[in-house]
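Just passing along the structure, written as structure tokens.
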Amino acid sequence: MDVLYIVMPAYNEEENIEATVRSWYPVIERHSGNGASRLVVFNDGSKDKTYETGLRLMEELPMLEMKNKPNSGHGPTVIQAYQYAIASGADYVFQTDSDGQTSPDEFENFWKNRRKYDGIFGYRRIRGDGKNRAFVEQVVCLLLWIIFGMKVPDANAPFRLMKADVLKKYIEKLPMDYNLPNIMLVVYYKAYQEKMEFLPISFKPRQAGVNSLNYRKIIRIGLHALGDFFRFRKEIRKDNRIIKKK
């Protein structure tokens, strides 16, 4: 049976983490991989009781793991989560967030198509988190079109199922402190012509708590990302020239 790892970054999600874990846990039970599958929450140095809540839930839910790490931001935490899942023997890695905005009811449509694709990525046709954040995503997709020449409906949705062996190839290309790994994974999959699909997902308003990513931080990350995108584009073009010569 295929081993599935569901990974979630979490930062100050004390108000959301229990409900989110309990809603996703039946998914990992259904796809247990003969007991090897796991739901893993990576606590990114939360200042509230996110970690303690997770530890309490572990006593009740045997396929749940709660990992604690110093705060480094969402992107580096996602990278670490992917690396952990791969090193632990996952066949498939699914990433979502711990704020309750995604629906586990939509997972099965991804899972049933897993053998057809190397990566299946959600796209948010309707976003419950407001027009401003939808606009940010539209800007990201526009930049990907301008810089990489690729059109994608949603580059950063936290709802993605990937074959672990393919994911491994591209995670290794990213610095450990990179802030936008999910965006670059979409770029890599498309640029290197991996089999990929986008499927529609719903996206609810944040269920509780406050989003830690403010707009000043978004702008700062975005400006830094521009330089990274051009550097990654150069590397991709170099790789593709080598592939063509072979």
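The values are calculated or read from the model by the stated rules, or taken from the named source; none is laboratory data. Small disclaimer: the values here were computed from a predicted structure and weren't measured. Methodologically, a virtual Cβ is constructed for each residue, glycine included, from the backbone with ideal geometry; neighbour enumeration extends over all protein chains shown. Ligands, DNA and RNA are excluded from the accessible area calculation, which covers all protein heavy atoms including side chains. Shrake-Rupley method; radii C 1.70, N 1.55, O 1.52, S 1.80 Å.
Among 139, 110, 86, which residue has its Cα positioned farthest towards the positive end of the charge dipole of the chain, with +1 placed on the Cβ of Lys and Arg, -1 on the Cβ of Asp and Glu, and the dipole taken about the Cα centre?
Selected residue: 139.
I need to check one value: relative contact order of region 29-146, counting alpha carbon pairs closer than 8 Å and at least 6 residues apart, in percent.
Averaging sequence separation for qualifying contacts and normalising by length gives 18 percent for region 29-146.
Would you work out the Kirkwood radius for region 1-143? I mean one over the mean of 1/r across all pairs of different Cα atoms, in Å.
Evaluated over region 1-143, this radius sits at 15.9 Å.
For the chain, modelled as a Gaussian network with Cα springs under 10 Å, which listed residue fluctuates most, 28, 236, 146?
Taking springs between Cα atoms under 10 Å, the residue moving most is 146.
Can I ask one more? Counting only protein heavy atoms and a 1.4 Å probe, tell me what percentage of region 54-94's accessible area is made up of carbon and sulfur.
Whole-percent figure for carbon plus sulfur exposure: 51.
Beyond 21 Å, what share of the Cα-Cα pairs of region 58-131 is found? Please give it as a whole percent.
The proportion of pairs with Cα distances above 21 Å equals 42 percent.
State which entries of 112/238; 112/204; 69/116 exceed 28 angstrom in Cα-Cα distance in the structure shown.
Details: 112/238 35 Å; 112/204 23 Å; 69/116 35 Å.
The pairs that break the limit, which is 28 Å between Cα atoms, are 112/238; 69/116.
What FRET efficiency, computed as 1/(1 + (r/R0)^6) with R0 = 30 Å and r the Cβ-Cβ distance, is obtained for residue 135 and residue 103, rounded to the nearest 0.05?
Using R0 = 30 Å, I get an efficiency of 0.85.
Given the options 190, 49, 116, state which has the largest fluctuation in a GNM of the chain using a 10 Å cut-off (strictly under) for Cα springs.
Maximum fluctuation in the GNM of the chain, among the listed residues, is at 116.
Here's another thing I want to ask about it. Quick one: if you stick a label point 7 Å off each Cα along the C-beta vector at residue 68 and residue 36, how many nm between them?
About 3.0 nm separates the two model spin labels.
A further question follows. I'd like the orientation of helix 131-148 relative to the chain: the angle between its Cα long axis and the longest Cα principal axis, in ° from 0 to 90, rounded to 10.
40 degrees
Which value, in Å², gives the accessible area per residue of region 1-133 when a 1.4 Å probe is used on the protein heavy atoms? Could the numbers behind the result be given before it?
Details: 5730 Å² over 133 residues.
On a per-residue basis, region 1-133 sits at 43 Å².
Pick from 158, 200, 175: which is most flexible by mean-square fluctuation in a GNM of the chain where alpha carbon atoms under 10 Å apart are linked?
Among 158, 200, 175, the largest GNM mean-square fluctuation belongs to 175.
Helix 74-87 versus the longest principal axis of the chain: what is the Cα-based angle in degrees, 0 to 90, to the nearest 10?
For helix 74-87, the angle is close to 80 degrees.
Any idea what angle helix 181-191 forms with the longest principal axis of the chain, computed on alpha-carbon atoms, 0 to 90 degrees, nearest 10?
Orientation of helix 181-191: about 40 degrees from the principal axis.
Loop-only check: which GluC sites (Glu not before Pro) in region 52-101 are DSSP coil with at most 11 other Cβ within 10 angstrom?
59, 60
Would you mind working out the magnitude of the charge dipole of the chain relative to its Cα centre, with +1 at each Lys and Arg C-beta and -1 at each Asp and Glu C-beta, to the nearest 20 Debye?
Charge dipole of the chain: 1540 debye, to the nearest 20.
Still on this structure, I have one more. How big is the equivalent ellipsoid of the chain along its three axes, where each semi-axis is √(5λ) from the Cα gyration tensor, reported in whole Å from largest to smallest?
Ellipsoid semi-axes (Å, largest first): 28, 22, 17.
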